[in-house]
Amino acid sequence: MTRTIDPAVALKSVPLFSTLSEAELSLMLASMQHRNYPARATIVRSGEAADGLYVVLSGRVRLRLADGNGHEIIVAEFGAGELFGEIGLTDGSERLGDVHALQTCEILFIPRKTVLDCLERDPAATLSLLSGVLDRLSDAYRKIGTLALVDVYGRVARVLLEAGSEVRGEWLVQPGSEQIAAMVGASREMVSRVVKNMINQGLVRRHKRKLIVLDRDALASRHGRARAHRRQRASSRPLSMQGSRSPQLV
């Protein structure tokens, strides 16, 4: 695939590098690699050393965690203008998950040393990276809370609300049952049963292998009730059981 996006322009649009001078930007561009990946290609593998930062120029990628036994969970997706690979960047520790291309992608790879040199020279860039990491940590806390405090029905309801978009006046959900299962940490069979139940309740309907939400307010209410119910159950357990069943978030 031919190069269609100017790396310098794309890099300046990323908050982390928006404050770089032209000289600093030129130095960084000289050490970068412009990479192209076809759909379904593996970009980062779990266990590899964190050797650099990735900036998505075009396309979309997915970060997932897998146990090697067929179980996986989708952690996040990144699109144009977003970066990934910052975890482990400071000490070069192992990658925690795999990153795959969901479609044809153009990626800028910035070596670890180049990024660290930039952070040493530019306090604004350091604060920008820290802010991004904290935002993602906050999102991770929210997802952990959802997994711990909301039942599968409520988790599926949340995905249907958050992963959908308005299409000709209807709320169309793009992910299928398999992807939803990976997003909520449940089996595909369990998700299929939950979706069937939602269809029977008149909350959603199927259309050409996609789901259309018919009553978003009811789904939002169901998600909230599920979370409150799980919290009530957790608080009613003896303290010794609470300590052994769920990790403390600090």
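Derivation of every value follows stated rules applied to the coordinates shown; laboratory data play no part. Just so it is clear, the model here is predicted, and its values are computed rather than measured. So basically every Cβ, Gly included, is an ideal-geometry build from the backbone, and we count neighbours across all protein chains shown.
General remarks:
- Within the listed set 33, 201, 179, the residue fluctuating most in the Gaussian network model of the chain (springs between alpha-carbon atoms under 10 angstrom) is 201.
- Pairwise centroid distance, computed over Cα atoms, of the range 135-154 with the range 172-209, Å: 19
- Charge dipole of the chain about the Cα centre (unit charges at C-beta), most positive-ward option of 9, 80, 163: 163
- P(r) tail, the chain: Cα-Cα pairs separated by more than 30 Å, 39% of all pairs.
- Taking the C-alpha atoms only, the angle from helix 123-149 to the longest principal axis of the chain is near 20 degrees.
- Each other residue within a Cβ distance under 14 Å of residue 172 adds +1 if Lys or Arg and -1 if Asp or Glu, for a net charge of +4.
- Most positive-pole-ward Cα, 99, 220, 66, against dipole of the chain from beta carbon charges: 220
- Rg(Cα) / (2.2 N^0.38 Å) computed for the range 12-84, rounded to two decimals: 1.32
- Loop-located trypsin sites (Lys or Arg not before Pro) in the range 1-76 (DSSP state other than H, G, I, E, B) with a sparse environment of at most 15 neighbouring Cβ atoms within 10 Å: 3, 40, 45.
- Measuring nothing but how far apart in sequence close Cα pairs (under 8 Å, 6+ apart) lie, relative to its length, the chain scores a relative contact order of 18 percent.
- To the nearest ten degrees, helix 152-162 and the longest principal axis of the Cα atoms of the chain are 50 degrees apart.
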